Amino acid sequence: MYQVRLLPHDVTFATDGEQTLLEAALNAGIAFPNRCQVGACAMCMCRKQQGEIRYQLEPMLTEKEQAEGWIFACQAMANSDLVLQLD
């Protein structure tokens, strides 16, 4: 199990690393912005401040977005404890 800290709300939820970060947040009762849940709308985009993630299918992010830490929570799975920033 991994712990995910969500800023600026400073809430924490757990994930087993097999579900997406969005699924884990919603299952924990956290109001995480989302719409399509398949990586098309970008509503769940957030910035990874710390930790490691993985994707089954790489999302459509520019090199600049990736360098800035942007991730799609509906597609990303935790590989470690994480700190995420909602902007």
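The values are calculated or read from the model by the stated rules, or taken from the named source; none is laboratory data. Note that the coordinates shown come from a computational prediction; the quantities given were computed from them, not determined experimentally. Methodologically, a virtual Cβ is constructed for each residue, glycine included, from the backbone with ideal geometry; neighbour enumeration extends over all protein chains shown. Accessible surface is based on the protein model in full, side chains and every heavy atom, while ligands, DNA and RNA are left aside. Shrake-Rupley method; radii C 1.70, N 1.55, O 1.52, S 1.80 Å.
Kindly establish whether Arg5 is open to solvent by 90 Å² or more (accessible area, probe 1.4 Å) and either closer than 10 Å to Leu82 by Cβ or touching a His at 6+ places or on another chain (Cβ under 8 Å) (or both).
Yes.
Taking the condition touching a Leu at 6+ places or on another chain (Cβ under 8 Å), outside any loop (DSSP other than H, G, I, E, B), open to solvent by 40 Å² or more (accessible area, probe 1.4 Å) and not small (Gly, Ala, Ser), does Lys64 pass?
It is false that Lys64 is touching a Leu at 6+ places or on another chain (Cβ under 8 Å), outside any loop (DSSP other than H, G, I, E, B), open to solvent by 40 Å² or more (accessible area, probe 1.4 Å) and not small (Gly, Ala, Ser).
Does the range 47-55 contain at least one residue that is touching a helix residue (DSSP H, G or I) at 6+ places or on another chain (Cβ under 8 Å), free of Cβ contacts under 8 Å to residues at least 60 places away in the same chain and among the hydrophobic types (A, V, I, L, M, F, W, C)?
yes
For residues that are open to solvent by 20 Å² or more (accessible area, probe 1.4 Å) and in a loop (DSSP other than H, G, I, E, B), scanning just the range 69-84, find the one that is farthest from Ala14 (Cα to Cα).
The selected residue is Gln75.
State which residue is nearest to Leu6 (Cα to Cα) when the search covers only the range 39-61 and only residues that are part of a loop (DSSP other than H, G, I, E, B), open to solvent by less than 100 Å² (accessible area, probe 1.4 Å) and among the hydrophobic types (A, V, I, L, M, F, W, C).
If we take residues in the range 39-61 being part of a loop (DSSP other than H, G, I, E, B), open to solvent by less than 100 Å² (accessible area, probe 1.4 Å) and among the hydrophobic types (A, V, I, L, M, F, W, C), then Cys44 is nearest to Leu6 (Cα to Cα).
Taking Asp87 and the conditions (1) within 13 Å of the chain's Cα centre (by Cα); (2) surrounded by 15 or more Cβ atoms within 10 Å (Cβ to Cβ), which numbered condition does it fall short on, given that it satisfies the others?
Just one mismatch for Asp87, condition (2).
Can you tell me which of (1) open to solvent by 50 Å² or more (accessible area, probe 1.4 Å); (2) within 14 Å of Met77 (Cα to Cα); (3) not in a strand (DSSP E or B) is the one Ala25 doesn't meet?
Among (1) open to solvent by 50 Å² or more (accessible area, probe 1.4 Å); (2) within 14 Å of Met77 (Cα to Cα); (3) not in a strand (DSSP E or B), the lone unmet condition for Ala25 is (1).
Select from the range 11-22 the residues that are more than 11 Å from the chain's Cα centre (by Cα) and of a type in the set (A, V, I, L, M, F, W, C) and write down the one among them that is surrounded by the fewest Cβ atoms within 10 Å (Cβ to Cβ).
So the residue we want is Ala14.
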